[in-house]
Amino acid sequence: MANPLLKHDKLQLYKLHYRHILPLYENLSAENIREITVLYEQDVLDAMIDMLDHECSHAVTLGDEVLAISGLRDGQFWIIFSKKIKKHWRSFVKASPKLMDFYQQFTDNLWCEVWDQNLFSQNWLLHLGFDPSCVIKYKNGQTVIHFVRGNYAHDRVDSAPSRPVMH
């Protein structure tokens, strides 16, 4: 296997390949299945295969397990999770600032839309420095919250200038 693009503890980030899709599809979280079918009105497997077409698509793995796939398309950050993410959530949250820094290399401003029913992801994005900017109602009656995150090199959760000074 190729070297990971990013590594944090036991989590690794790789370029997304077909070999990542089926294992995640078989263990996709119920929340993501519901979101893809209800909010986006798509077939789950077709939507996941479409993610391969994005140039900036990645698999987050823990050993041989695919915990998530994420990516960036025209500044839009997206991610879907395995059922097993809950078991490894703390590790994932700790690695998330590195993931955001990785994606910020490609664009100054990240944005995403999160279903208003997905409080879990909304809180995670707030922790990562995303700001809710507006609420959007889709034609199918579903509502999403539009989040944005600028590239604040000196105003991040893990930035050195934000740490307290020890005397």
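Remarks
- Helices in the chain that qualify as membrane-span-like (whole DSSP H runs, Cα extent of at least 20 Å along the helix axis, mean Kyte-Doolittle hydropathy of -1.0 or higher) are 89-104.
- Taking every protein chain into account, the accessible area of segment 107-155 amounts to 57 square angstrom per residue (probe 1.4 Å).
- Once all protein chains are placed together, residue 62 keeps about 30 Å² accessible to a 1.4 angstrom probe.
- Residue 41 accessible area, 1.4 Å probe, all protein chains in place, Å² to nearest 10: 130 Å²
- Here is how the number arises for the chain: DSSP H runs of 4 or more residues each give -39500 (n - 2.57), the sum is divided by the residue count, and the result at 222 nm is -8000 deg cm²/dmol.
- Segment 1-135: C-alpha pair distances exceeding 19 Å, %: 48 percent
The values are calculated or read from the model by the stated rules, or taken from the named source; none is laboratory data. Model, not experiment: these values are computed from the prediction. Accessible surface areas use protein heavy atoms only, side chains included; no ligands, DNA or RNA. Shrake-Rupley method; radii C 1.70, N 1.55, O 1.52, S 1.80 Å.
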